[in-house]
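Scroll down for the structure; my scribbles are underneath it.
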Amino acid sequence: MFRFFENLVDPYSSYEESDVPPTKLWPFLWNYSQPFKVIFLLAALMSLVVAAVEVGLIYYMGRIVDLLGGDPKQVWADHGTELIIVAVLILTLRPVLQIFDVVLLNNTILPNFGTLIRWRAHKHVLRQSVGWFENDFAGRIANRIMQTPPAAGEVIFQVFDAISFSLAYMLGAAILLAASDPRLLVPLVIWFVMYGMLVMWTVKRVGPASQAASDARSTVTGRVVDAYSNIHSVKMFAHNDYELEYAKAAIEKTRTTFQKEMRIFTIMDVVLVSLNGILIVGVVGWAMMLWMQGSASVGVVAAATALTLRLNSMTGWIMWALTSFFRELGVVAEGMETIAQPIKLVDAKDAKPLRLEKGRIELKGLTHHYGRETGGLDDVNLVIEPGQKIGLIGRSGAGKSTLVKLLLRFYDPESGQVLVDGQDIRQVTQDSLRMQIGMVQQESSLLHRSVRDNMLYGRPDATEAEFFAAARQAEAHEFIQDLADPEGRRGYDAQVGERGVKLSGGQRQRVTLARVILKDAPILLLDEATSALDSEVEAAIQKTLYGMMEGKTVIAIAHRLSTIAQMDRILVLDGGKIVEDGDHHELLAQGGLYSEFWARQSGGFLTTEDNA
């Protein structure tokens with residue numbers, strides 16, 4: 001039975017992705033709810049049915065009280081069959097209805113609705129650009145992805161478990177009292193109006209307070225994860241106390257925002273107790289007065305009393321459900337600040353896969369300043385012929401990394417074009433472009449998975465022979481065989497830790513090299529590819545790199561000029577422009593910046609670092 005209900009909705013079913021998801025709360029939830037429309041309708045119907053059954057039971061209890069006033073034998077003779085039928089229905093039909101209602105909520109909606117939101121939200125966020133991720137805490141993004149689905153699930157749960165049930169129950173209570181004596185509606189209506197005012201007061205304040213508290217919690221998560229992710233820097237600079245204070249400010253804000261939220265609930269509880277007192281005294285007292293006047297039977301008084309006490313016990317639950325409903329809506333609204341952000345760097349509508357035939361790269365009037373007036377590139381024109389090896393150097397902020405990011409289409413240029421084999425990269429799919437480019441960065445970062453998984457990231461369908469050949473070519477096979485993690489996994493199955501922290505810088509770089517070798521892309525980008533290696537390993541890797549470059553179009557960023565001296569061309573960037581272009585000997589002869597850098601080197605390093 002469980003499996004049937006659990007599989008009524010597939011949370012991973014295909015859907016039409018949108019680059020611009022709804023930014024309003026209810027359209028956002030409605031968009032995610034499409035696969036559940038029929039299930040939601042059934043759940044709403046079952047809430048009404050269950051509420052009607054509960055009110056009907058109270059009505060029948062009042063009838064039994066009236067029947068007990070007669071002779072027992074005569075009562076059984078006249079109503080025995082009726083009582084047996086009701087008892088059978090209570091023992092059979094009522095549990096079946098309750099079970100169907102609960103299973104729809106607990107086994108169909110809750111697990112699948114949250115899963116669907118988390119899956120689609122993660123899928124949407126993964127499509128965001130690199131620049132988008134650079135503008136936020138990874139921890140806060142992850143926290144919103146994790147906390148929004150259960151919050152949305154709680155919203156839906158409260159709609160069908162509490163709100164629709166309670167509305168149906170109150171309507172049934174009003175009908176029952178009106179049927180007994182219309183005058184009993186007066187105290188109920190007065191109470192209902194005051195209760196509604198309390199609900200409105202609470203709801204108006206809970207939503208914003210909850211959103212503020214949720215945002216504060218996300219900030220704490222972001223700061224804590226930031227410290228953990230950079231624990232080496234924290235320890236190296238002895239900044240434990242600084243990080244504690246940095247986190248404490250966010251934790252304290254979380255405490256104060258949560259205090260404000262809890263004050264609302266305390267006021268609500270105090271007022272609710274007073275209102276429920278009015279309800280009990282009003283309805284039960286009025287029913288007793290009607291009985292004393294001979295206008296109502298003992299059964300009516302009993303039913304009114306049972307109904308009032310039931311409402312009294314329900315009101316706290318209903319209020320808590322409502323506040324929980326709006327509190328979770330606040331969490332969803334806060335999560336939407338990440339999940340509902342539009343995808344700005346998108347494939348063109350008619351984008352086709354890149355057709356890479358030769359690997360010719362052309363930059364036309366390329367300009368990008370990251371929205372600032374300085375930094376980046378300024379009107380760069382460049383042609384890199386197929387198979388040409390280009391070295392790229394320059395001071396910090398000269399625009400070297402910007403050029404590489406634009407070539408990978410991590411950003412779109414503010415003006416100008418990047419052409420690969422004559423195709424504007426904005427008119428081809430991003431995935432097809434990046435599949436044709438291999439890159440080794442200065443700071444190699446690995447996934448928190450096994451060495452094997454990290455290497456196969458370059459080409460998941462690689463054969464075992466290709467896999468081991470790449471490891472050996474990157475001078476990584478020997479050290480990998482000696483690896484072991486705390487769980488006892490060894491060699492290529494050993495976990496490398498978050499960002500590869502269990503490996504040395506040189507080991508990480510060699511695994512990264514193996515990954516790129518395995519990818520075997522026709523365009524190769526090297527950003528200080530050997531900077532983390534010791535001299536002996538670097539000498540071996542240099543031979544590997546030159547082997548990798550054969551037949552490829554290569555752009556290599558370097559501080560160590562000796563590593564690019566043999567390139568076909570060397571470009572010197574300064575102030576976002578190409579100021580020198582030629583081979584090693586030509587640039588030395590010019591006596592310009594390259595010559596100056598070469599002369600100022602000590603051990604082959606530039607005196608400035610590159611952060612462009």
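Every residue, every condition in (1) touching a Lys or Arg at 6+ places or on another chain (Cβ under 7 Å); (2) more than 21 Å from residue 315 (Cβ to Cβ); (3) touching a residue at least 12 places away in the same chain (Cβ under 8 Å); (4) in a helix (DSSP H, G or I), yes or no:
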| position | (1), (2), (3), (4) |
| --- | --- |
| 194 | no, no, yes, yes |
| 214 | no, yes, yes, yes |
| 234 | no, yes, no, yes |
| 255 | no, yes, no, yes |
| 258 | no, yes, yes, yes |
| 271 | no, no, yes, yes |
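The set of residues in the stretch 550-587 being among the aliphatic types (A, V, I, L, M), open to solvent by less than 10 Å² (accessible area, probe 1.4 Å) and either outside any loop (DSSP other than H, G, I, E, B) or modelled with pLDDT of 95 or more (or both) consists of 554, 555, 556, 557, 561, 570, 571, 572, 573, 587. Taking the stretch 141-158 as the range and being open to solvent by 60 Å² or more (accessible area, probe 1.4 Å) and touching a helix residue (DSSP H, G or I) at 6+ places or on another chain (Cβ under 6 Å) as the test, only 150 passes.
Can residue 487 be described as open to solvent by 50 Å² or more (accessible area, probe 1.4 Å), acidic (Asp, Glu) and out of contact with any Phe, Trp or Tyr (no Cβ under 6 Å at 6 or more places or on another chain)? Give the steps one after another, and end with the answer.
On the way: open to solvent by 50 Å² or more (accessible area, probe 1.4 Å): yes; acidic (Asp, Glu): yes; out of contact with any Phe, Trp or Tyr (no Cβ under 6 Å at 6 or more places or on another chain): yes.
Yes.
Of the numbered criteria (1) out of contact with any Asp or Glu (no Cβ under 6 Å at 6 or more places or on another chain); (2) modelled with pLDDT of 90 or more; (3) over 23 Å from residue 210 (Cβ atoms); (4) open to solvent by 10 Å² or more (accessible area, probe 1.4 Å), the one residue 168 fails is (2). Number of residues in the stretch 187-205 that are touching a helix residue (DSSP H, G or I) at 6+ places or on another chain (Cβ under 7 Å) and open to solvent by less than 80 Å² (accessible area, probe 1.4 Å) equals 9. Consider the stretch 89-103 and keep the residues that are farther than 22 Å from residue 41 by Cβ and aliphatic (A, V, I, L, M). The one that is least open to solvent (accessible area, probe 1.4 Å) is 90. Screening 174, 121 for residues that are at pLDDT 90 or above and of a type in the set (Gly, Ala, Ser) leaves exactly one candidate, 121.
Yes/no matrix, rows are residues, columns are (1) of a type outside the set (Val, Ile, Thr); (2) modelled with pLDDT of 95 or more; (3) open to solvent by 60 Å² or more (accessible area, probe 1.4 Å):
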site: 415; (1), (2), (3): yes, no, no
site: 435; (1), (2), (3): yes, no, yes
site: 438; (1), (2), (3): yes, no, no
site: 448; (1), (2), (3): yes, no, yes
site: 451; (1), (2), (3): no, no, no
site: 457; (1), (2), (3): yes, no, yes
site: 460; (1), (2), (3): yes, no, yes
site: 464; (1), (2), (3): yes, no, yes
site: 467; (1), (2), (3): yes, no, no
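Selection of the stretch 11-33 for residues being loosely packed, with under 15 Cβ neighbours inside 10 Å and small (Gly, Ala, Ser) yields 13, 14, 18.
Quick grid of which residues meet (1) closer than 18 Å to residue 170 by Cα; (2) crowded, with 21+ Cβ neighbours inside 10 Å; (3) not acidic (Asp, Glu):
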| site | (1), (2), (3) |
| --- | --- |
| 270 | no, no, yes |
| 278 | yes, no, yes |
| 291 | no, no, yes |
| 294 | no, no, yes |
| 297 | no, no, yes |
| 303 | yes, yes, yes |
| 306 | yes, no, yes |
| 309 | yes, no, yes |
| 312 | yes, no, yes |
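Among the residues of the stretch 497-523, which ones are assigned to a loop (DSSP other than H, G, I, E, B) and in contact (Cβ under 8 Å) with a residue 60 or more places away in the chain? Before you say what the answer is, go through the steps one by one.
From the stretch 497-523, those assigned to a loop (DSSP other than H, G, I, E, B) are 497-498, 500-504, 520-522; that's our starting set.
Correct list: 498, 501, 520, 521, 522.
The values are calculated or read from the model by the stated rules, or taken from the named source; none is laboratory data. Bear in mind the structure is a predicted one, so any value in this text is a computation, not a measurement. Every residue, glycine as well, gets a Cβ built from its backbone with ideal geometry; the counts of neighbours run over all protein chains shown. Ligands, DNA and RNA are stripped out before the accessible areas are found, and what is left, the full protein with its side chains, is counted by its heavy atoms. Shrake-Rupley method; radii C 1.70, N 1.55, O 1.52, S 1.80 Å.
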